[in-house]
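Presented below is the structure to which this report refers.
The values are calculated or read from the model by the stated rules, or taken from the named source; none is laboratory data. This is a predicted model, so every value here is computed, not measured. We place every Cβ from the backbone using ideal geometry, glycine too, and count neighbours over all the protein chains shown. Heads up: the accessible areas ignore ligands, DNA and RNA and are worked out on the full protein's heavy atoms, side chains in. Shrake-Rupley method; radii C 1.70, N 1.55, O 1.52, S 1.80 Å.
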Amino acid sequence: IPAIHQKLEADGTEKVEGSMTQKLENVLNRASNTADTLFQEVLGRKDKADSTRNALNVLQRFKFLFNLPLNIERNIQKGDYDVVINDYEKAKSLFGKTEVQVFKKYYAEVETRIEALRELLLDKLLETPSTLHDQKRYIRYLSDLHAPGDPAWQCIGAQHQWILQLMHNCKESYVKEQKGKDMFFPMLDLDSDVRPSPIGHLSQTASLKRGSSFQSGRDDAWRYKAPQQVVFVEKLTKLVVSQLPNFWKLWISYVNGSLFSETAEKSGQMERSKKNARQRQNDFKKMIQEVMHSLVKLIRGALLPFSLREGESRQYGGWEMKSELSGQWLTHVIQTVRLSSESLTALEIPNDMLQIIQDLILDLRVRCIIVTLQHTAEDIKRLAEKEDWVVDNEGLTSLPSQFEQCIIRSLQSLKTVLDCKPGEASVFQQQKTQEDVCRLSIGIMQVFIDCLEQLSTKPDGDIDTAHLSVDVSSPDLFGSIHEDASLSSEQRLLIALSNCRYLERHTFLNIAEHFEKHGFQGVEKITQVS
């Protein structure tokens, strides 16, 4: 072509004006413009179709990321947290470090929704009441979502506060019930807030076989007969026994790392959690001790208010003490607290944390003995009213026998209190208790002797029927006395002396044997003084 061009330029003819290639160029340009005009619209549509096709390919290829924010919201509403976590982990591995702006924008949306999910799960974790299963589930979710802080420890703290609040709410509801402020409103039903754990249920079932006070099918009339403090102690101990097992198991799971999934184990989060747990052992021990102290002080406030320190009565007491509980009700309470202690011991809680409950049981046992002996003295004081002056063949009335039977019944009622359960100390280990029991036992003897003396010196004017003068030296003295006969002062004095002689030679010795049989200390002194 260059050669032809040069030839044409050299041999220019009249037929060709100017350069021949210039004309050809112009023709080609016009053809190109005409073609562009004809096919511009078609080519534009083609470019647009290619662009759309490429966009659709991108959307198809990365639709997982673009749909993820909406899918996360839907799955959260359905409670499919496992699906959300799996999708999040996948998106994080694919787009967590992307530099593409559109991907960064959508991934930021994903992170926003995951942060909202973390807050939602933490709120659910700290909700009360909740089951141990749910607590473990939410902790695992938060762990897999790499939530900041230590959700497991936060849950333990929330459960601790909730148990304490339940205990104080229980006390307040029964105190108000006792005072009659809410007599027209139903008592706070703490059962709706109490979710017994399987271990707690088993413990209570085992206790039922031993005669547990947790019996659920018992006649409701019992609660109307029992003093409010007794019903309160039953409710309080049942609450603690049902709640503490889950609390303890949550801590054990936290310590051994079983709260976390395999994902957390691979990321090293489990090891960090175990390290945190070791550092927080003392804090958890204080939590358990606070629950035990609250339990014991609330019971003391209801039954032994004098044992509380100054300033504690308002927080743990508030009961109206019109009269002290009888030995029978105190025995019932001791049985209730003992069963609670057995259930807590079964959780393998260290003994030093439960020692405060043993101290409470010992104080209740001592108090029960003191109150029972005091009430026995009052019962014996009323024996004088039962003297019928009917003399048997041995020259005795029924009074010495009634006196002995009263003592025996009293000691028999104390048998379960005097017996030591595993881990319990003897009620007579303290010198002061020995002295108090000895003094009260001597007092009981003295009351009966005073009773005899009162009967023997009863003025004749107190006798409604006519006075009969009888010769006390008559061998037919007792034979002449009948149930409806009136007695002279000489006769009553002689009968009293006969009763005293029998007391000295038989009754007091029998009673001393019963005292020794039940482990009383200072029996020789009691017998000697009597």
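Some values worked out for this structure:
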item	result
Set 342, 312: member being within 19 Å of the chain's Cα centre (by Cα), among the acidic types (Asp, Glu) and over 30 Å from residue 399 (Cβ atoms)	342
Residue ranges of helices (runs of 4 or more DSSP H) in segment 29-137 with at least 3 members of a type in the set (Asp, Glu) and surrounded by fewer than 17 Cβ atoms within 10 Å (Cβ to Cβ)	101-126
Residue in segment 394-409 that is open to solvent by 60 Å² or more (accessible area, probe 1.4 Å) and hydroxyl-bearing (Ser, Thr, Tyr) present	yes
Close pairs from segment 487-499: first within 15 Å of residue 449 (Cβ to Cβ), partner assigned to a helix (DSSP H, G or I), Cβ under 7 Å, at least 6 apart	493/456; 496/452; 496/455; 496/456; 499/399; 499/400; 499/452
Filter result (surrounded by 13 or more Cβ atoms within 10 Å (Cβ to Cβ) and free of Cβ contacts under 8 Å to residues at least 24 places away in the same chain) within segment 517-530	523, 527
Count of segment 316-332 residues which are crowded, with 17+ Cβ neighbours inside 10 Å and in contact with a Ser or Thr (Cβ under 9 Å, 6 or more places away or on another chain)	5
Hey, residue 253 modelled with pLDDT of 80 or more, in a helix (DSSP H, G or I) and in contact with a Pro (Cβ under 8 Å, 6 or more places away or on another chain) or not	no
